[in-house]
Amino acid sequence: MPSFTYPEKNELERFVAARYRTGWVWQVIFLSALIIAIFSLSALLLNIVDGAFGYVAYEFKKDPLTISEKPLDQLNQQELIALLQANLSRGAYNKLNNEKPMESRSQGELYNLVIERIIQVKTLQTYPLFRSLFEKAAIEAEVSERYPGARLEFRSWLSPTFLTTPQSSKAEFAGVRTAVLGSLWLVGIAIAFALPVGVGAAVYLQEYANKKSFISRVIQTNINNLAGVPSIVYGMLGLAIFVRAWEPFTSGAMFGITDTNGRTILSAGLTMGILVLPLVIINAQEAIKAVPDSLRQAAYGVGATRWQTVWHHVLPNALPGILTGSILAMSRAIGETAPLIVVGASTFITIDPQSPFTKFTALPIQIYQWTSRAQSEFQAIAAAAILVLLGLLLTLNATAILLRNRFQRRW
Amino acid sequence: MTTKISSLAAPNWAAQLRKKARWGESAIEASLFAVGILTILITLAITIVLGDQALLFFAEPEVNLQEFFLTTSWQPQIGDFGIWALVSATLTTSAIAILVALPLGLSAAIYLSEYAKPRARAVLKPILETLAGIPTVVYGYFALLFVSPIVRNLVGVEKVGVYNMLSAGLVMGIMILPLIASISEDALSAVPNSLREGAYAMGATKFEVSSQVLVPAALSGIGASVIVGISRAVGETMIVAIASGAGPKFSFNPLDAAETMTGHIARISGGDLPYGTVDYTSLFAIALMLFLVTLILNLISQWIVTKFREQYE
């Protein structure tokens, strides 16, 4: 029979100290996982900021000083039109005028035209922010050596013009206007579909269905599964059903619109709606669950029917939670890219979306497109577009948190 | 006054009200039920659509099941459809992602649930939530323009290209980390306090309690988190589409550029694909496989979670 002897006092103390030392080492290891997470997040954000600002080396075909006495950005609409007329060939001017009459273009658009068509800026090299800040002399030396005659300028790729101009084939003039509008349309359609359907399903599961019954268990399991289906599979579903099978509806042919196929905002929005539906349902269920039973019993006690109870008592009290959940769903929808690629987002669109039956592009699609380009100036506008996207997400999430704090009730 | 009350309280009123047919109520209940059923229809639609097109694909003369599941070359131009060329990349990137996310996520979960004081938690939790909320296309940008250059500098610029599975997998691991951390943390907090108290009473250190009592007790939940993590990694599209390379290649070498199943679908469907061609239907066959694999993984993890919840309730 094995006998157990207690260790000597010194040995015991050593033993205990060793155990605590191991414990301490592991605590540091556990904490370091979180530090790695914090580091990754900061690296990601800094990398994006780093890419979105910085020095640009560029040259142009025609010096602005030779075509105008005043600085170009101070010219008014008429002067800019005159400049275009004087410096462009007749054919080129007429073509532009046919695309959109010159008089109807804003000063900003005309200014961009002048830069794009007459000055013809060409970006030679872009430099990231941190190098621009700390190694300015080295950059200047490099530029004067490699690109004699080039100019160096600090540029913020994220600018008001970037937000308000449409897509362009040249990174210097490209903006995210059409993409942001496309994303807003998409999210709008998605939530218009997912909110009523999702809340309806949640109300059915929480208030009407017998939770033990087979059918409600199947629905519940199915919702949890839908939440885990890869987003690209939803894209394939959208492609086969909304883009192809329902083409007469989603292209607007039913309503007399003939210039599009099924690859429209409506198809993409409905696909997104289906994608975020499980999220809306699960969040709405949580919100409804949090409404105390005493409220329901009080309503039934004064003779309310089931729907009266739900409509007048349960839903109003669950509303903040439901809204918070749908805002989270919206922020999921605004960042999703893969289904949009499959459903067929157009990558080059310069016209604002006018109706659900138009071709579209969206912010994440632009980011994907620009990131995939090899030229550094496109990666710079990709970073700027990411900042716009993160800004939108931040706004949405801040709204959600405010709503939660403003209306949260403790029962 | 008194007569009114007595008439209200008459028993036949209640009976009449109970018998009253409320068509509006029934209609509302029916439509809510229909909406609930709609979610099942979505799953059915996915299965039918993917299955239907995948069947068309397998009916093509140049395709057969044996070739599809057993060969390793995917070149639609010359009629080669061996899914392993795409599966290999999916497996490699997912494996890297899990190797990153599991130790980090589990450590983070243990720290948050056992070590962190409420104030530290209030700071650390939102950071993980922010990581979880970042769109995957942004992670793709990060993988291509930040992680890939670092990987290339470390390994050697001549040995590894701009596009490689390693950078995509590493970033995917960071993306999945919050998911694994949050499910594992739930599992750890669900372990009853009596187990902790018992272990501490025996003189165990915090680490001994965590590693020898709590982690074994929460093992099923941690397992579920890993399965959900794998399912996310397999279905993740944008990171691999941007950073892992374009072009199917049968390879398990993380330094190679190879296209995953999702990356292939994204690249091919990005062009204006003519309907009904083999290229088009082949995407549905790939998507069907993705759907089935993730479905099975999700069902397993749900089953585990429900089971272990019952254990302690």
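Take the Cα pairs of segment A:109-183, get the Kirkwood Rh, then feed it into Stokes-Einstein at 20 °C and 1.002 mPa s and tell me D in µm²/s.
Values: Rh = 14.2 Å.
Translational D for this selection: 151 µm²/s.
Cα gyration tensor of chain B, axes a ≥ b ≥ c as square roots of the eigenvalues: rounded (a/c below 1.5), prolate (a/b > b/c) or oblate?
Values: a/c = 2.60, a/b = 1.30, b/c = 2.00.
Oblate is the answer for chain B, as a/c is 1.5 or above yet b/c matches or exceeds a/b.
Which three numbers, in whole Å and largest first, are the semi-axes of the equivalent ellipsoid of segment B:137-184 derived from its Cα gyration tensor as √(5λ)?
Working: eigenvalues 116, 22, 10 Å².
One finds semi-axes of 24, 11, 7 Å for segment B:137-184.
Hey, what D do you get for segment A:28-83 in µm²/s if you plug the Kirkwood alpha-carbon radius into Stokes-Einstein at 37 °C and 0.692 mPa s? Don't jump to the answer; show the numbers that get you there.
Working: Rh = 16.0 Å.
D = 205 µm²/s.
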Once each part is reduced to its C-alpha centroid, what is the distance from segment A:165-182 to segment A:228-270 in angstrom? 24 Å
By the gyration tensor of its Cα atoms, with a ≥ b ≥ c the square roots of the eigenvalues, what is the shape of segment A:177-407: rounded for a/c under 1.5, prolate for a/b over b/c, or oblate? prolate
Cα-only radius of gyration and Dmax that characterise segment A:331-411, units Å: 16.3, 57
For segment A:285-348, what log10 I(q)/I(0) values come out of the Debye formula at q = 0.13 1/Å, with one point per alpha carbon and no solvent? -0.53
When you look at the Cβ of every residue in A:38-51, what mean number of other chain Cβ atoms sits within 10 Å? 5
List, in the order given, every pair from A:LYS70/A:LYS122; A:LYS289/B:LYS307; B:LYS125/B:LYS206; A:LYS170/B:LYS249 whose Cα-Cα distance in the structure shown is over 27 Å. A:LYS170/B:LYS249
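Over chain A, calculate the relative contact order: mean separation of alpha carbon pairs under 8 Å at least 6 apart, over the residue count, as a percent. Let's see the in-between values first.
Details: 532 pairs, mean separation 80.4, N = 411.
It comes to 20 percent, rounded to a whole number.
For A:ARG263, A:ARG90, A:ARG404, A:ARG155, what's the fewest-to-most ordering of other Cβ within 10 Å of each Cβ? The partial results should precede the final answer.
Working: A:ARG263 23, A:ARG90 8, A:ARG404 14, A:ARG155 20.
Listed from fewest to most nearby Cβ atoms, that is A:ARG90, A:ARG404, A:ARG155, A:ARG263.
Where a ≥ b ≥ c are the square roots of the eigenvalues of the C-alpha gyration tensor, would you call chain A rounded, which needs a/c under 1.5, or, failing that, prolate if a/b is larger than b/c, or oblate? Don't skip to the answer; put the middle values down first.
On the way: a/c = 2.71, a/b = 1.35, b/c = 2.02.
Oblate shape, in that a/c is at least 1.5 and b/c is the bigger or equal ratio.
With r defined as the distance between the Cβ atoms of B:ILE150 and A:PHE4 and R0 fixed at 41 Å, what FRET efficiency is calculated, to the nearest 0.05? Present the calculation step by step, with values, prior to reporting the outcome.
Values: r = 54 Å, r/R0 = 1.31.
According to the calculation, E is roughly 0.15.
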What ³J(HN,Hα) values, in whole Hz, does the Karplus curve 6.51 cos²θ - 1.76 cosθ + 1.60 give for segment A:77-88 when θ = phi - 60°, with x put for Gly and Pro? 3, 4, 5, 5, 4, 4, 4, 4, 4, 6, 9, 9
With x for Gly and Pro, the residue-by-residue ³J(HN,Hα) of segment B:107-122, computed from phi through the Karplus equation 6.51 cos²θ - 1.76 cosθ + 1.60 at θ = phi - 60° and given in whole Hz, is 4, 4, 5, 4, 4, 5, 8, 10, 9, 5, 7, x, 5, 5, 4, 4
Let me check the size of segment A:54-155 from its C-alpha atoms; what are the radius of gyration and Dmax in Å? 16.4, 48
If I build a Gaussian network model for chain A, linking alpha-carbon pairs within less than 10 angstrom, which residue out of A:VAL197, A:VAL121, A:VAL28 has the largest mean-square fluctuation? A:VAL28
Estimated vicinal HN-Hα couplings, Hz - segment A:275-285 in sequence order (Karplus 6.51, -1.76, 1.60; Gly, Pro = x): 5, 8, 3, x, 4, 5, 4, 4, 5, 5, 4
Say each of A:LEU96 and A:VAL25 gets a label point 7 Å from the Cα, pointing the same way as Cα to Cβ; how far apart are those two points in nm? 7.1 nm
Averaged across A:385-398, how many Cβ atoms of other chains sit within 10 Å of each residue's Cβ atom? 2
What does the charge dipole of the protein assembly as shown about its Cα centre add up to, to the nearest 20 debye, if the Cβ of each Lys and Arg holds +1 and the Cβ of each Asp and Glu holds -1? 2180 debye
Using amide H atoms built in the peptide plane, which far-off residues or other-chain residues are under 5 Å from A:ARG151 H to H? A:TYR58, A:GLU59
I'd like the per residue volume of the convex hull spanned by the Cα atoms of the protein assembly as shown, given in cubic angstrom. 279 Å³
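Averaged across orientations, what area in nm² does the convex hull of the alpha carbons in segment A:145-277 project?
Details: hull surface 55.4 nm².
Mean projected area for segment A:145-277: 13.8 nm², to one decimal.
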Using the number of other C-beta atoms within 10 angstrom as an exposure proxy, rank B:SER31, B:SER244, B:SER194, B:SER148 with the fewest first. B:SER194, B:SER31, B:SER148, B:SER244
Partner chain coverage, peptide A:274-287 - average Cβ within 10 angstrom: 1
With springs only between Cα atoms under 10 Å apart, run a GNM on chain A and tell me which of A:GLU336, A:GLU172, A:GLU103 wobbles the most. A:GLU103
Distance from the Cα centre of segment B:49-67 to that of segment B:140-200, in angstrom? 36 Å
Connecting every pair of Cα atoms under 10 Å apart in chain A and solving the GNM, the largest mean-square fluctuation among A:PHE162, A:PHE30, A:PHE130 falls on A:PHE30
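Give the order of B:GLU185, A:GLU13 when sorted by the count of other beta carbons within 10 angstrom, beginning with the fewest. If you can, show how the numbers build up before the last one.
Values: B:GLU185 26, A:GLU13 11.
Lowest to highest Cβ neighbour count: A:GLU13, B:GLU185.
Throughout, read-outs are computed from the coordinates displayed, never taken from laboratory work. Owing to the predicted nature of the structure, the values given are computational and were not obtained by experimental measurement. All Cβ positions, glycine included, derive from the backbone under ideal geometry; neighbour counts span all protein chains shown.
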